[in-house]
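Structure, as structure tokens:
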Amino acid sequence: MNDNKGLPRHVAIIMDGNGRWAKKRMWNRTQGHERGADTVRTITRVSRKLGISVLTLYAFSTENWQRSKKEIAALMHLLKTFLKSERNELLDNNIKLISIGQTTRLPDDVQTLLNETITLTSGNDGMILNLALSYGGRDDIIHAARLCAKEVLSGRLTPDQITEDHFNQYLYTAGLPDPDLLIRTSGEMRISNFLLWQIAYSEIFITQTLWPDFSETEYLSILDNYKHRDRRFGKTTTKGVKNNAV
Ligand code: FPP
């Protein structure tokens, strides 16, 4: 891909299959997640290089809190390692880090590192790397609905003023464009509570590849496939709505 034309503005990824990748090798799940973190680095770099505006990665869901203490600890440790090791890379490449989800549920040391990195990179405008952490799509909607209800109770908002655009402003993703492309690795055909509101018109691509094996080459071929999709947004015409960064 040698130009930005037809590239999605916002790519969201459900990074699945770390556990199966490790199991196939008789390794432990942590090793799968470690290799998964390497793929995060690769895909972030490629996205930046290509000129993607927003990359959202589903790194930890609200449901993931139900995994074993050991696995949660390993994932939190990996996240800290990532935040420390990638800080300079983010700064050097003009990438702004943000996060969505119930981040106050994360361990204090992870929150500290996360907030420090968010603050440090807040002036960057080359690309947004958005980590979904302790994120759930239903929680996102409930959280937004509560904020709206509070505004109504305070008299600053009337129920009729709650439009789609207005509601958007209360979501964790406020200010971001909706994902144009949603990729899920490891072949599962489900959304798993990811960005339920925001993916209303996203193009979906599911690959059998397990996340640790997901490569730059495959990413480029998915982006090429996206280029040729005909996004109609519920309309019938196929003219004039070809993918062009929406
Ligand atoms: C799903 O694989 C993956 C996760 C629950 C966590 C994703 C985490 C990473 C890719 C690494 C750390 C992230 C960052 C941002 C540094 P799974 O464990 O559900 O795989 P399985 O379905 O094969 O068991």
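The values are calculated or read from the model by the stated rules, or taken from the named source; none is laboratory data. Remember, it's a predicted structure, so these values are computed and weren't measured experimentally. Every residue, glycine as well, gets a Cβ built from its backbone with ideal geometry; the counts of neighbours run over all protein chains shown. Only protein heavy atoms, including side chains, enter the accessible area calculation; ligands, DNA and RNA are left aside. Shrake-Rupley method; radii C 1.70, N 1.55, O 1.52, S 1.80 Å.
General remarks:
- Surface exposure of the chain, expressed per residue as accessible area with a 1.4 Å probe, stands at 51 Å².
- The chain - percent relative contact order, Cα under 8 Å, separation 6 or more: 29 percent
- Computed with a 1.4 Å probe over protein heavy atoms only, the accessible area of residue 172 comes to about 60 Å².
- Of the peptides 29-37, 131-139, the ranking by mean beta-carbon count within 10 Å, highest at the top, reads 131-139, 29-37.
- Rounded to whole Hz, the Karplus (6.51, -1.76, 1.60) HN-Hα couplings of segment 27-37, x for glycine and proline: 9, 8, 4, 4, 5, x, 5, 4, 5, x, 5
- Scanning residues 5 or more positions from residue 231 or on other chains, those with amide H under 5 Å from its amide H are 243, with H placed 1.01 Å from N in the peptide plane.
- Were the residues from residue 109 through residue 196 laid out at 0.36 nm apart, the gain over their Cα-Cα distance would be 28.4 nm.
- Whole-number percent relative contact order across segment 92-219, with pairs defined as alpha carbons under 8 Å at least 6 apart: 23 percent
- Residue-normalised convex hull volume from the C-alpha trace of the chain: 140 Å³ per residue.
- Interchain or long-range residues, amide H under 5 Å from residue 205's placed H: 182, 183, 184
- Nitroxide proxy distance, nm - points 7 Å out along Cα→Cβ at residue 147 and residue 67: 2.7 nm
- Relative contact order (%) - segment 67-160, alpha-carbon pairs under 8 angstrom, separation at least six: 30 percent
- Restricted to Cα atoms, segment 57-116 shows a radius of gyration and a Dmax of 12.1, 36 angstrom.
- Expected-Rg normalisation [2.2 N^0.38 Å, Cα atoms] applied to segment 144-246: 1.37
- Counting heavy atoms of the protein chains alone, residue 184 has an accessible area of about 10 Å² for a 1.4 Å probe.
- Under 5 Å from the amide H of residue 134 lie the amide H atoms of 60, 61, each residue being 5 or more positions distant or on a separate chain, with H modelled from the backbone and absent for Pro and chain starts.
- Accessible-area order (highest first, 1.4 angstrom probe) of the listed residues 125, 109: 125, 109
- Whole-Hz couplings from phi, Karplus 6.51/-1.76/1.60, listed for segment 215-222; x for Gly and Pro: 10, 4, 4, 5, 4, 4, 6, 5
- Order by protection proxy (mean Cβ within 10 Å, highest first), peptides 81-89, 66-74: 81-89, 66-74
- Springs join every pair of Cα atoms under 10 Å in this Gaussian network model of the chain, and among 26, 76, 189 the largest mean-square fluctuation is at 26.
- The charge dipole of the chain, taken about its Cα centre with unit charges on the Cβ atoms of Lys, Arg (+1), Asp and Glu (-1) only, comes to about 500 debye.
- Cα lying deepest toward the dipole's positive end in segment 144-226, options 148, 167, 194, charges on Cβ: 148
- Atom-type composition of the exposed protein surface of the chain places 50 percent of the accessible area on carbon and sulfur (1.4 angstrom probe).
- In Hz, Karplus ³J(HN,Hα) per residue of segment 152-158 (6.51, -1.76, 1.60; θ = phi - 60°; x = Gly, Pro): 5, 4, 6, x, 7, 9, 9
- Here segment 1-112 has an Rg and Dmax of 15.1, 45 Å, counting Cα atoms alone.
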